[in-house]
């Protein structure tokens, strides 16, 4: 192996090692940042309240309504439609079922999801702003308490 090849190999392994170290430092910073953020949420009841309300609105009301529609309402309506038409001796083709499913999905999106999105977006913005202000105040207080 020539001197140039050894030098290239050494610099390549050094570069790789520095990249791995940089990646691990980034992971450490992310973990410490999350721990710091969670400690602020844990210490401040206003922040806990707003985070809880946001979770209920986004995670429970919106997400559960989507899951309920997709996995309960839509299959039941399609089944009842097929069953009702079957009583009259008519069967729905897969194309008709697909068309009906699309119509119901668009109706759900237009009549429920769009209004909920238009209502929830400003509410979330207000809550997130309040959370940010409280978290900033809490972080400033905790930094003032630490000796330099």
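None of the figures in this text is laboratory data; all of them are computed from the coordinates on show. Remember, it's a predicted structure, so these values are computed and weren't measured experimentally.
General observations
- Build a GNM of the chain with springs between Cα atoms under 10 Å apart, and of 74, 57, 32 the one that fluctuates most is 32.
- Tilt relative to the chain, helix 3-43 - C-alpha long axis, 0 to 90 degrees, to 10: 60 degrees
- The C-alpha atoms of the chain define a longest principal axis, and helix 74-87 lies at about 20 degrees to it.
- Cα centroid separation, the stretch 8-36 to the stretch 73-88: 58 Å.
- Note that the stretch 45-148, at 10 °C in a medium of 1.306 mPa s, gets a Stokes-Einstein diffusion coefficient of 92 µm²/s from its Kirkwood radius over C-alpha pairs.
- Helix 114-145 axis versus longest C-alpha principal axis of the chain: approximately 20°, rounded to the nearest ten.
- Within a Gaussian network of the chain (alpha carbon springs, distance under 10 Å), most fluctuating of 27, 66, 123: 27
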